[in-house]
Amino acid sequence: RNLAFRLDSDVRHSSESPIFCDSMWVDAWPLERHRPASNLALGSGENAGMSRITMARHKYPAGNLSLPSSKYRDKPLPGAINLVFYDGHASLTPNEKLWEYQWHKNWKNPPKRPR
């Protein structure tokens, strides 16, 4: 199943489709079912996708190297990352809202963030 935006016409919501973001790795390929990183201070490559980009990079005190996402199962994730969108704008985006963007051409927002 090919989910990548290969043509401009594949991008139906350019202001909601990230093409670049803060990350702990060079790519992510997020899917709707992907959970956040187990350690939000560093991100992780355990599942690829969202675990590579859910980091408390901004809007959280620096220096804490252990920030388990398990503490936030029933409350919003801390921190934020920068996203750059297909239409050219950039945004500082809270980690909790990352599942609300169009990461691939068939993206369907999950009813709630995977825990």
Under the helix-only model (-39500 (n - 2.57) for each DSSP H run of 4 or more, divided by the residues of the chain), the mean residue ellipticity at 222 nm, to 500 deg cm²/dmol, is -500 deg cm²/dmol
Across Asp74, Asp87, Asp27, the residue with the highest GNM fluctuation in the chain (Cα network, 10 Å cutoff) is Asp74
If each part is reduced to its alpha-carbon centroid, region 52-108 and region 7-25 end up apart, in Å, by 14 Å
Pseudo-spin-label distance Lys75 to Ser23, built 7 Å along Cα→Cβ, given in nm, is 3.0 nm
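Each value in this text was obtained by applying a stated rule to the coordinates, not by laboratory testing. Model, not experiment: these values are computed from the prediction. Backbone-built Cβ (ideal geometry, glycine too); neighbour counts: all protein chains shown.
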